[in-house]
């Protein structure tokens with residue numbers, strides 16, 4: 001398909017000059033651009049296909065040069081980027097140095113926040129509108145687009161409660177496609193399902209809302225209509241929940257009927273007070289395979305389309321750490337009926353489909369409610385179960401207070417499996433899991449561990465499930481590797497000596513162990529004998545082995561895929577300083593004190609000096625420093 005309209009769109013203002021037929025053609029071109037993209041790389045796909053008409057309609061009705069727009073969970077931002085003048089750069093999205101796969105204020109004034117985590121859009125839009133009301137008097141409006149999967153997040157209801165109290169003129173668009181990444185769960189999901197079978201109530205409700213807001217009837221007529229409206233709420237389903245929370249509910253509206261959608265957006269634009277527009281969309285709309293399997297096509301690997309319309313998805317034969325951990329969880333649940341597994345809307349991402357299928361009564365998906373998931377697990381642990389909380393490192397940050405209050409303070413044995421611990425690749429700074437070593441190690445009663453390779457995973461999980469305290473076990477978004485040796489038993493607070501060297505030592509915490517071994521092998525060819533220690537534990541730290549390396553070898557290089565601020569290297573420095581050791585021979589390698597951009601994992605690690613080549617350079621530099629000190 002050739003692109004006729006997209007190259008002409010340098011700003012949303014140009015949409016207003018297009019005819020209805022041209023707008024429909026533009027929607028088709030956007031979908032073709034999305035299809036073309038996933039033929040070259042993995043990208044968020046089905047969710048973007050589902051919001052094409054909604055995105056066009058929003059930019060037709062509002063002027064977001066002054067009005068405000070926040071896309072909650074911004075991986076659905078691709079059509080917005082195309083409409084806001086970034087078509088010529090679109091082929092670079094999710095590539096190092098190219099467009100970000102999420103909103104990015106550094107790219108465009110139309111992107112206000114980097115929204116990679118769900119649920120905060122209503123809060124930020126309320127803040128924007130409140131500030132605009134104080135600072136400006138030009139009728140600015142603020143819009144949040146939030147999905148039904150993100151809606152159950154507790155912060156959403158906190159924001160809606162506040163919005164109703166402030167009575168601000170904000171619009172919340174509920175993009176209801178019956179999906180998060182996986183099918184939505186919980187009581188609110190059932191409530192929304194009921195709204196789908198109440199068209200009469202909602203259709204009449206829309207008309208009443210229009211009359212009450214737009215037509216200057218007398219008090220008696222307005223009062224009568226209000227009573228009729230309230231009576232209908234008690235008889236029929238509709239948006240009663242949102243109405244009772246102080247939001248004017250309008251909908252449901254067909255999210256793929258551009259004409260109807262535009263009409264209702266125009267209708268609600270000047271409605272006073274907080275308003276919720278309920279829009280139905282199909283995740284994957286316009287691409288049949290994605291509609292049939294929106295989970296598979298949420299962020300698929302590279303796809304291929306044949307001339308006959310057949311679609312194939314490139315599969316990877318390599319096993320990732322996520323696969324190894326999910327298999328280990330399955331094994332533990334098979335062996336011990338007290339083991340349960342909890343995830344927060346990430347069953348697919350955490351590869352827990354088989355666990356869910358085989359243990360339906362012991363698998364729990366809480367939806368995008370990480371704080372609740374942790375407190376939920378604490379209750380289970382208190383009653384004698386062995387809960388595993390399997391959540392991405394970056395998303396577990398949302399439950400920080402519950403880790404403190406409900407788990408650590410109570411000293412309850414909850415196992416945290418922190419997926420994507422480290423650089424997460426093309427998803428970028430919202431998804432890099434580079435803070436968990438720092439934020440987990442501050443809590444008393446929590447053991448902080450990380451497998452060095454695939455061979456460590458299953459025994460470490462078994463150890464964690466039988467420990468007396470909580471255990472945090474992090475692992476990277478990477479292919480699983482195994483370092484050739486006879487693995488030592490997993491013992492609390494004990495590291496593993498892979499090899500001892502007389503010229504220096506790498507001490508690796510986590511999944512970069514294999515790169516340390518490769519660096520050691522290469523350095524040996526140069527005549528440098530560099531040892532490698534698999535730390536395994538950050539808390540408690542194996543001071544016996546690490547102190548031996550500090551005192552018996554010329555230098556120690558700590559290696560971690562975590563921010564250097566408060567991480568594993570900091571723990572080593574602190575312990576050495578407390579013991580009165582010389583810390584001048586210790587060098588820390590990890591994530592610098594800045595946010596890391598998006599790009600392929602190997603590219604980012606290379607730039608950060610966190611691969612075998614980077615370790616070789618660091619070891620050479622430390623060896624030269626040691627030689628010069630010897631000469632003094």
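What follows draws every value from the coordinates through simple rules; no lab data is involved. Predicted, not measured: the structure shown is a model, and the values here were computed from it. Counting neighbours? That spans all protein chains shown, and the Cβs are built from the backbone with ideal geometry, glycine included.
Observations on the structure shown:
- Here mean projected area of the Cα convex hull in nm² was calculated from the structure, and among (i) 32.6; (ii) 31.1; (iii) 44.9 it sits at label (i).
- With both residues required to sit in the chain, DSSP beta bridges show an antiparallel share near 15%.
- By average C-beta atoms within 10 angstrom, highest first, the peptides 69-78, 130-139, 548-557: 69-78, 548-557, 130-139
- Three-way shape label, segment 369-500, alpha-carbon gyration tensor, a/c 1.5: oblate
- Beta bridge orientation in segment 321-474: antiparallel %, DSSP, nearest 5: 5
- Summary of packing: across the peptides 442-450, 521-529, 370-378, the per-residue average of other C-beta atoms within 10 Å ranks them, highest first, as 370-378, 442-450, 521-529.
- Summary of the geometry: segment 263-287 and segment 76-136, compared by the centres of their Cα atoms, lie 19 Å apart.
- Whole-number percent relative contact order across the chain, with pairs defined as alpha carbons under 8 Å at least 6 apart: 11
- A helix-only calculation puts the chain at -12000 deg cm²/dmol for mean residue ellipticity at 222 nm, using -39500 (n - 2.57) for each DSSP H run of at least four residues, averaged over all residues.
- Each peptide in 345-358, 593-606 gets a packing score, the mean of other Cβ atoms within 10 Å over its residues, and the list from highest to lowest is 345-358, 593-606.
- Each DSSP beta bridge with both residues in segment 496-631 is either parallel or antiparallel, and the antiparallel ones are about 15%.
- Counting 0.36 nm for each residue step from residue 19 to residue 335 and taking away their Cα separation leaves a gain of 107.4 nm.
- Spatially, segment 395-445 and segment 504-572 are offset by 23 Å when compared through their Cα centroids.
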